[in-house]
Amino acid sequence: MMNKDQISEETDQLIRSYNLELIEPPCLPGADKWSAKAHLQDNISEVLPYLNAELKGANYIHNSNVLIWEAKGRKYAFRPHEIAAAPVEDREEGHKLINDLVDVVNKIWKQRHEIRPNFEQRKLPTVMDIYKHLPKTNCKECGYLTCMAYAADLRKGKTKPLQCPNLPEENKNNLSHLFDKSIW
Ligand code: SF4
């Protein structure tokens with residue numbers, strides 16, 4: 001289903017209007033989450049390095065002209081003529097989320113003269129890089145059978161960074177340097 005959203009007329013607005021698409025969950029057992037997309041008239045390629053500089057945890061892939069951002073259990077993708085978000089609970093939440101993302105893009109675009117654009121792709125640490133800072137006792141208190149399994153899911157963003165209750169302060173600091181600090 002498509003709705004057209006018109007943004008208020010304002011100078012220096014990068015996204016001026018968009019069509020909202022809400023994608024229903026597939027007819028599969030356990031699949032009950034929606035996703036939402038904004039189809040943009042305007043090309044937002046130029047703002048992507050600025051979003052990369054400002055959105056903590058963002059990953060800009062310059063050659064593919066896409067920025068992936070993961071925050072608060074959701075994934076977002078920004079492409080030249082599209083913003084996508086998933087998962088969303090329902091139409092209402094999808095609509096609100098896309099509106100908020102459009103506001104973020106417009107706000108960062110307006111502030112671009114004060115931001116140093118970042119064209120670099122974020123490098124994730126390896127599983128071993130993470131593992132060597134864990135206690136390696138396989139105590140299972142994090143819900144994983146082994147520290148290695150926890151490290152693997154931590155790298156993928158599938159578990160929370162401080163799910164291990166046995167991390168000494170120094171190891172927390174070392175781990176935080178491997179990742180974007182904002183996720184800690
Ligand atoms: S709680 Fe920490 S020490 Fe225990 S298995 Fe998980 S990562 Fe390893």
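The values are calculated or read from the model by the stated rules, or taken from the named source; none is laboratory data. Note that the coordinates shown come from a computational prediction; the quantities given were computed from them, not determined experimentally. In this analysis, Cβ positions are derived from the backbone assuming ideal geometry, glycine residues included, and neighbour counts consider all displayed protein chains. When the accessible area is computed, the model is the full protein with side chains, heavy atoms only, and any ligands, DNA or RNA have been set aside. Shrake-Rupley method; radii C 1.70, N 1.55, O 1.52, S 1.80 Å.
Sort through Leu145, Leu101, Leu167, Leu175 and tell me the only one that's in contact with a Phe, Trp or Tyr (Cβ under 9 Å, 6 or more places away or on another chain) and either within 16 Å of the ligand (Cβ to nearest atom) or open to solvent by 50 Å² or more (accessible area, probe 1.4 Å) (or both).
Working: Leu145 fails: in contact with a Phe, Trp or Tyr (Cβ under 9 Å, 6 or more places away or on another chain); Leu101 fails: either within 16 Å of the ligand (Cβ to nearest atom) or open to solvent by 50 Å² or more (accessible area, probe 1.4 Å) (or both); Leu167 fails: in contact with a Phe, Trp or Tyr (Cβ under 9 Å, 6 or more places away or on another chain).
Leu175 is the lone residue from the list that is in contact with a Phe, Trp or Tyr (Cβ under 9 Å, 6 or more places away or on another chain) and either within 16 Å of the ligand (Cβ to nearest atom) or open to solvent by 50 Å² or more (accessible area, probe 1.4 Å) (or both).
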| message | Can you tell me how many residues within the stretch 84-98 are assigned to a helix (DSSP H, G or I), buried (at least 16 other Cβ atoms within 10 Å of the Cβ) and out of contact with any Phe, Trp or Tyr (no Cβ under 6 Å at 6 or more places or on another chain)? | response | 3
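This table checks each residue for (1) open to solvent by 40 Å² or more (accessible area, probe 1.4 Å); (2) more than 16 Å from Glu82 (Cα to Cα); (3) more than 15 Å from the chain's Cα centre (by Cα); (4) not β-branched (Val, Ile, Thr).
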| position | (1), (2), (3), (4) |
| --- | --- |
| Lys33 | yes, yes, yes, yes |
| Ala36 | no, no, no, yes |
| Ser45 | no, no, yes, yes |
| Tyr50 | yes, yes, no, yes |
| Leu55 | no, yes, no, yes |
| Glu70 | yes, yes, no, yes |
| message | Of everything in the stretch 36-83, what is in a strand (DSSP E or B) and modelled with pLDDT under 90? Give them in sequence order. | response | Ala58, Asn59, Glu70, Ala71, Arg74, Lys75
| message | Which residue is most open to solvent (accessible area, probe 1.4 Å), if the candidates are limited to the stretch 120-142 and must be acidic (Asp, Glu) and either near the ligand (Cβ under 9 Å from one of its atoms) or in a helix (DSSP H, G or I) (or both)? | response | Glu141
| note | Counted residues in the stretch 149-161 being more than 9 Å from the ligand (Cβ to nearest atom) and closer than 16 Å to Asp129 by Cα come to 6
| query | Among the residues of the stretch 126-147, which ones are more than 30 Å from Asn52 (Cα to Cα) and of a type outside the set (Lys, Arg)? | reply | Pro135, Thr137, Asn138, Cys139, Glu141, Cys142, Gly143, Tyr144, Leu145, Thr146, Cys147
